[in-house]
Each structure stands twice: as structure tokens, then as C-alpha cells.
Amino acid sequence: MRNSKKGFTIIEVVLVLAIGGLIFLMVFIALPALQRSQRDTQRKDDLARFMSATIEYQKHNSGKTPFDTNQFDTQKRVTTLVTHYIDNKCEGASTSDGRIVAFKNCGDQFTDPNGETYNFLYLGTTDPKVGWLKDISADSDYKLDEQITNLNTIYVTSGTKCGTQEGSIRKVAGLNHTAILMHLESGAIACQDNS
């Protein structure tokens, strides 16, 4: 009488382990890209929220944006914008170099997906009297790739709208127009405007 035990051969076991390893490897490679994409989507949503708050601010302030040629007044107005129109739980602002406004204790309401608070950097205006953006044209894009580098920073310009190329702006008549830009983890630059 023959002994007929049923079981897996070594080849079958190795094959199953190899397939399992390939599946694990594919998930391991794809997961960080998916998470990065989700964080970038959140950043774009936050940029849209900030622009919506800017438009709401304009409705209550005779069409003026919170962004001005006077950087200290701009800081106060951006603080008001975030604390009153986006997240009324923020405790205020701190400035580090006279241009950046960082908001503290905002919970998860208006913070970067990495958990850091957003900074706001006012790049300037197209006003020919005071703005370094004064040479920007309404007819061609002005690329801001070199200025827009930090992930958790929202960059603000006045007298502008988003250009046709990624990471660019164009001049618009009137300083009540504004473009806000943000560097994404993917390397792209997102832009929103109120034009």
C-alpha cells in the first residue's frame, strides 16, 4: 500500500511567496505617491479656501483685498482674514522677518497636511510706485518658480492673476486683484486668483 499524503511542493510555496512579495512591493511603491497626491489635493483645497476668504473679505471691505503695499498693514489684515473668515480658532500671528505671518493653534482647520502651520509671504504688488512686480506685463506670463519654494507657504501677489503657464502670473488693472500660489510636493505650483 502506497502512502498518499497531499501537500504543497517547494515550487508551489516559492511561487506563492514570490507573488505575495510582488504585490507587497507594488503597494509599498505606490502608497507614498498616493499619500503625496492626497496631501497636494488638500493643499489645493486650502488655497481655494484662502481665495474664497479673500473674496468674502472684499465683500465686507468695499472691494479691497487684505493685501497692501504696506507690509505691516498687510500682516494685520491677513491675520484678520484667517482668524475671522477661515478659522476663528486661531490665536493670532507671529512675524519672523517682517514679511511672513504664521498662525498658531489653528487645530486641523487651516494647517498644512504635514501638520505645520501655513506661512503667508506677500511677494508684492504691480503698483509702479512701490512694487518689485511693476515690470510684469498683462500680455505675457511672469514665472515665479525661483520665489515659490516652501511647501507650507502661501505666496500672495497684488494687481495680478494666474498666468497661462504653471507657476506664473500676469498683471491685471487694479490692485484689488490678487493671485495666490503654493508649491506642491509633486513639484508643481498651484495658483488661484480672484479675477
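Neighbours of L144, meaning other residues whose beta-carbon lies under 14 angstrom from its beta-carbon, give a summed charge of -2 when Lys and Arg score +1 and Asp and Glu score -1.
Working from label points 7 Å from Cα in the Cα-to-Cβ sense, the T164 to I19 distance is 5.3 nm.
Long-range amide H contacts for Y122: which residues qualify at under 5 Å (H placed 1.01 Å from N, peptide plane, sequence gap of 5 or more or a different chain)? Amide H neighbours of Y122, under 5 Å, 5+ apart: V156.
Computed from the C-beta positions of I29 and D139 and an R0 of 41 Å, the FRET efficiency is 0.40 to the nearest 0.05. If R₀ is 35 angstrom, what is the calculated FRET efficiency for the pair S62 and S186, using the beta carbon separation as r and rounding to 0.05? Efficiency, from the Cβ-Cβ distance: 0.35. Which percent of Cα pairs goes in each bin when the distances of segment 108-195 are cut into 10 angstrom slices starting at zero? Distribution as computed: 19, 51, 25, 6 percent.
Taking amide H positions as modeled 1.01 Å from N, with prolines and chain starts lacking one, the residues under 5 Å from N194 and 5 or more places away or on another chain are T178. When the residues E185, E116, E146 are ordered by accessible surface, computed with a 1.4 Å probe over the protein chains alone, the sequence from largest down reads E146, E116, E185. Relative contact order of segment 120-182, taken over Cα pairs closer than 8 Å and 6 or more residues apart, is 36 percent.
Equivalent ellipsoid of segment 1-50: semi-axes from √(5λ) of the C-alpha gyration tensor, largest first, are 50, 9, 4 Å.
The values are calculated or read from the model by the stated rules, or taken from the named source; none is laboratory data. The structure displayed is predicted, hence computed values, not measured ones. Note that we place each Cβ from the backbone using ideal geometry, even for glycine, and neighbour counts take in every protein chain shown. For the accessible areas, the whole protein counts, side chains as well, though only heavy atoms, and no ligand, DNA or RNA atoms are used. Shrake-Rupley method; radii C 1.70, N 1.55, O 1.52, S 1.80 Å.
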